[in-house]
Amino acid sequence: MVRVQRMLDACAELLDEVGYDELSTTRIAERANVAIGSVYQFFPDKKAITQALGLRYLDMFSTRVTDRLSRGGFSHWSEAVDVIIDEYLDMHRHVPGFRSLHFGDAVDIRLFDPNNDNNQVIAARLRDLLISIAGVEESAELDRAITVAVESADAVLKLAFRREPEGDQHLIDETKLLLRSYLSRHFA
């Protein structure tokens with residue numbers, strides 16, 4: 001629905017401008033040019049709006065990565081690591097609100113799923129993508145490896161953006177190296 005998309009777009013813009021603490025349903029309604037009742041028709045509060053925005057980002061990220069990987073042309077699974085990180089970096093630099101919200105961790109560690117933290121949800125999506133392109137067997141060991149990779153990348157990339165607004169390129173390169181080296185134990 002167009003009205004909901006306008007509200008999510010307004011939320012994204014406001015997150016970049018004022019941050020989550022200053023975000024309000026009233027501000028979102030004003031920015032989206034909708035009545036406050038329209039906001040409450042779809043979202044009970046600002047957390048619900050940011051949850052919907054976070055899910056939109058997760059879907060966008062998954063689609064972007066899948067599209068790039070499905071184009072093929074990769075000679076080795078490790079190139080998927082670069083694609084995943086590069087898409088994350090591009091979203092962080094260019095998608096309104098993503099720099100502030102990421103995948104929801106700025107609001108709630110369990111924003112996507114009450115039973116799993118946000119990084120677990122992301123790890124599950126990435127695991128499925130990597131299984132499809134690398135042809136490895138699903139296993140508890142693989143799940144653990146992807147979880148460690150996601151948590152590690154998340155920590156180092158956050159540090160990269162704390163140091164420089166566009167991301168410290170040295171830390172970004174180290175993140176890619178870290179992931180390729182670590183995951184090489186699990187992929188042929």
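The values are calculated or read from the model by the stated rules, or taken from the named source; none is laboratory data. Owing to the predicted nature of the structure, the values given are computational and were not obtained by experimental measurement. Ideal geometry is used to build each Cβ from the backbone, glycine not excepted, and the neighbour counts take in all protein chains shown. These area figures cover heavy atoms from the full protein model, side chains too; ligands, DNA and RNA do not enter into them. Shrake-Rupley method; radii C 1.70, N 1.55, O 1.52, S 1.80 Å.
Before moving on, here are some points about what is shown:
- Within the accessible area of the chain (1.4 Å probe), percent carbon and sulfur: 50
- In the elastic network of the chain, a GNM with C-alpha springs shorter than 10 Å, the most mobile of 56, 144, 93 is 144.
- Between residue 45 and residue 178, the simple label model (points 7 Å from Cα in the Cβ direction) yields a spacing of 3.4 nm.
- The residue list 52, 75, 65 was ranked by how far each Cα lies along the charge dipole of region 1-97 toward its positive end, using unit charges on Cβ atoms, and 52 comes out on top.
- For residue 131, the shell of other residues with beta-carbons less than 10 Å away shows a net charge of -2, using +1 for Lys and Arg and -1 for Asp and Glu.
- Within straight-line cross-link reach of residue 158, lysines at Cα separation under 23 Å, skipping those fewer than 8 residues along the same chain: 47, 176
- Within the listed set 38, 100, 62, the Gaussian network model of the chain (springs between alpha-carbon atoms below 10 Å) gives the highest mean-square fluctuation for 38.
- Average accessible surface for region 142-188: 56 Å² per residue, computed with a 1.4 Å probe over protein heavy atoms with every protein chain in place.
- Extension gain (nm, one decimal) between residue 74 and residue 17, 0.36 nm per residue minus Cα-Cα: 16.7 nm
- Karplus (6.51, -1.76, 1.60) ³J(HN,Hα), θ = phi - 60°, over region 6-13, in Hz, Gly and Pro reported as x: 5, 5, 5, 4, 5, 4, 4, 4
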